[in-house]
Amino acid sequence: MNLTTTVLGQTYQLKSMKEVLAKANEEKSGDQLAGIAAEDAKERMAAKLILSDLTLADIRNNPLLPPEKDEVSRVIENAINEKIYGEIRNWSVAELREYVLRQDTGNDQIRRISKGLTSEMVAACTKLMSNLDLVQAAAKVEVVTHCNISIGQRGVLSGRAQPNHPTDNIQGIKASLFEALSYGIGDAVIGINPVIDSADSVKSILLATKEVMEKWSIPTQNCVLAHIKTQMKAIRQGAPADMVFQSLAGTEDGNRAFGIDVALLDEADELIAREGTGTGPNLWYFETGQGSELSAEAHYGIDQVTLEARCYGLARKYKPFIVNTVVGFIGPEYLYDSKQVIRAGLEDHFMGKMQQIPMGVDVCYTNHMKADQNDMDNLAVLLAAAGVNYIIGAPMADDCMLNYQSTSYHDIATLRETMRLRPAPEFERWLNRMGLMDNGRLTPLAGDPTLFM
Amino acid sequence: MNPSLELEQFVDRVMVELERKFGSDTLTDDPKSESVSMEVKGAVSANASTLTTIKVPKPKWQEGLAELIESTPARIGVWRTGTRPLTKEMLKFRCDHAAAIDSIYGEVNEQILSRFDLFTVETRYGNTENYLKRPDMGRIVTAAGEELIRVKCRSHPQVQVVVSDGLSANAIDANLPDVYPSLLDSLEAYGLRAGTPFFVRGGRVAVMDHIGELLEPDVLVLLIGERPGLVSSRSMSAYLCYRPRKGTVESDRTVISNIHPGGTPPVEAGAYIGTLVHKMLEQKTSGIHLDL
């Protein structure tokens, strides 16, 4: 394995696969915080050059976190199809990038090689791709999933209705949900982040959302994004949950900080299949985001792009209905400004799709980050072009409970009209029946939440 | 607070008042109606704060719309032009973003700290810019601070209360005067004894672990300013942990977030924190292991 190269007259000798992968990243404050980023632009290019010539076998044979030491590594390793891996093991990372971008490489070809790729190989490829590369390659991949309805089809842009309320007030949650529905938003999920992480609270929100779904025959699915243990307790007490939710990290220790491990996820997986109200087969909702492992001091000196890819490797085991990176939520210490958030959003979406994940993105920022709503407009358009399965709908993009800004009900409606995208087919038929949409465009009735009172 | 923003909210309220009086069908963004509303400035009652502006032109249910809008601080019933927000609504959002950014760079009022006898220590944060980029430095109290804590604080307290500005100094100014006394009352009602409280400038949540090492409390309560949002740039969180030490993980902490007048009311929050502390001492655990 050659870890030496010369850039503009200067010779660089890197020490390990871990170092090559970290230094090959585009600039991120999180890698700098971890003390693993490239010193300057030249060293970054040296790392990219070295990486481009490494083979997929080099990556697999030099594990960053050995399977014996980490269960996320084991999940990823166990999922590899050895025959397909055998076909591509001698490809360099440069060749992987070029294969993905070839005109005769389409959805089926990517789906096939994805069975032979580890998360680390996908991350490596990402580091050699430009933003437009990431858009074009991801747009080739179609990942369709089904909970109560199907989403993810080519030409479909779904939205999560996120009607959060600062005190979990049921009337307030419903009010915001009605607004979402009146803009045609909610086909990905009606998903609420609760303030109070208790089984009773989760149950009452699930009951309330289910009641609205049944009253208006809305073809979608509900979910309350409490800790998995709380949701399990609520489900065992009879709460109607179509899906279960959990945040994931890319290392076993990172997941421990979230209070989860693979055994617990397996248990929840069994429970939602047996006692959930969703049709399936896809009954999970996961969220991820670059930086969460470092935040939990569970990163092992591995860069945040690679760790993020590993989250998707873990998610894949559970055949999720939806997964989204909460790209700008974790803070400026990981993604400092809009340039870094936009890059990370495109990376995460691509890395998820490359691992056959039904990838959405919470296009978002916090108020202590150097970014604003215009940057979110930009990223949302890029992701719509990249074929993102869904984005988040919060009232006027302002989440009054989580205290951050995402994308709005208006934004999703606008992206659909501008980019010629549609809601999920079953949901669109429902919107047509309700008189809210006609030929893929909102009608004059749209925007009136009292339609659902 | 931005004076022009207050003015705009005031104008919105007046317009609703007018609408109720004259029963106009919809409100417009017509500048003329603003000038009309300014003339009746003195006529609006002080409790007009619950009034809301109706922007949806022909709602299916007019009264219902006001009910929906009043049930949440979320920006709903905002209407649209095409698929985009109306101009004033969009500008209001931008004003609120400007206010949130300002609150990150504020300082906690010294008078409030002295009123509750809180002495001050600092973390290694240095300055705001560095604080944002280096959360690790906000988790460690400076050597001088360590010394001060050792000298001034009772060690091994049953309950240690710590206050920190975190990402919003305004949150402490706005909520501590209500939360802190009700927390002390609640602890007293449960017969619990609190140690010597203090203030940490430039703190992150995990500074609890360092303080836990220094003082070894049974339960540590950290009242800290949250990352400011648009609706509330003054929201505070309470983080509680049973025997916090180096290496404590996030899921071992219990959090009550959204403490502000529009969220979890500060006085209630104080009382609830006391109840949680009591449960933690009973069950000898916290976070996801705590049975509520």
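What follows draws every value from the coordinates through simple rules; no lab data is involved. The shown structure was predicted, so the numbers you read here are calculated from the model rather than taken from an experiment. Ideal geometry is used to build each Cβ from the backbone, glycine not excepted, and the neighbour counts take in all protein chains shown.
A few points about this structure:
- Counted charge near residue B:292, where neighbours are those whose Cβ lies closer than 13 Å (Asp, Glu -1; Lys, Arg +1): -1
- Cβ-Cβ FRET estimate between residue B:275 and residue B:213, R0 fixed at 35 Å, reported to 0.05: 0.85
- Highest-first arrangement of A:124-130, A:87-93, where packing means the average Cβ count within 10 Å: A:124-130, A:87-93
- For peptides B:247-254, B:157-164, sequence by mean Cβ density within 10 Å, most packed first: B:157-164, B:247-254
- Dipole magnitude of the protein assembly as shown, debye to nearest 20 (Cβ charges: Lys/Arg +1, Asp/Glu -1, about Cα centre): 1120 debye
- Simple label model, 7 Å out from Cα along Cβ direction - residue A:261 to residue B:102, nm: 5.1 nm
- Relative to the longest principal axis of the Cα atoms of chain A, helix A:409-418 runs at roughly 70 degrees.
- Per-residue extension of 0.36 nm, minus the Cα-Cα distance of residue B:61 and residue B:245, leaves a gain of 60.7 nm for this segment.
- Average partner coverage of B:59-71, which counts Cβ from other chains inside 10 Å: 5
- With eigenvalues of the C-alpha gyration tensor scaled by 5 and rooted, the range B:134-177, Å: 21, 17, 9
- Among B:70-78, B:139-147, A:197-205, the order from most to least packed when residues are scored by Cβ within 10 Å on average: B:70-78, A:197-205, B:139-147
- Rounded to the nearest 500, the 222 nm mean residue ellipticity of chain A from helices alone is -13500 deg cm²/dmol, with -39,500 (n - 2.57) taken per DSSP H run of at least 4 residues.
- Given charges at beta-carbon only (K, R positive; D, E negative), |dipole| of the range A:4-130 in Debye: 140 debye
- Prolate/oblate/rounded label for the range A:87-246 (Cα gyration tensor, a/c 1.5): prolate
- Surface/4 of the Cα convex hull for the protein assembly as shown, nm²: 32.4 nm²
- Part-to-part distance (alpha-carbon centres) for the range A:374-439 and the range A:194-237, which is given in Å: 23 Å
- Full extension of the chain between residue A:69 and residue A:169 gives 31.6 nm of extra length, using 0.36 nm per residue less the Cα-Cα distance.
- The long axis of helix A:262-275 is offset from the longest Cα principal axis of chain A by roughly 30 degrees.
- Residue B:143 versus residue A:8: modelled label distance in nm, points set 7 Å from Cα along the beta carbon direction: 4.0 nm
- The range B:110-289: Cα Rg divided by the 2.2 N^0.38 Å rule of thumb: 0.93
- Size of the range A:300-452: Rg and Dmax of its alpha carbons, in Å, are 16.5, 54.
- Using a cutoff of 8 angstrom between alpha carbon atoms and counting only pairs six or more residues apart, the relative contact order for the range A:179-261 works out to 29 percent.
- Placing R0 at 30 angstrom, the Cβ-Cβ distance between residue A:419 and residue A:339 gives a FRET efficiency of 0.85 after rounding to 0.05.
- Rounded to the nearest 5, the antiparallel percentage of DSSP beta bridges internal to the protein assembly as shown is 40%.
- Total lysine pairs whose alpha carbons fall under 22 Å of each other in the range A:4-130 (8 or more apart, or interchain): 21
- Inter-label distance for residue A:370 and residue A:198, nm, one decimal - labels placed 7 Å from Cα along Cα-to-Cβ: 4.4 nm
- Remark: the range B:110-289 carries a charge dipole of roughly 360 debye about the Cα centre, counting +1 on each Lys and Arg Cβ and -1 on each Asp and Glu Cβ.
- Dipole of the protein assembly as shown computed with +1 at Lys/Arg Cβ and -1 at Asp/Glu Cβ about the Cα centre; of B:171, B:57, B:203, farthest Cα towards the positive end is B:57.
- Of A:280, A:2, A:306, farthest towards positive along the dipole that unit charges on Lys, Arg, Asp, Glu beta carbons give chain A: A:280
- Between helix A:338-354 and chain A: long-axis angle, C-alpha atoms, 0 to 90°, nearest 10: 90 degrees
- With 20 Å bins from 0: P(r) over the range A:145-452, alpha-carbon pairs, percent: 37, 60, 3
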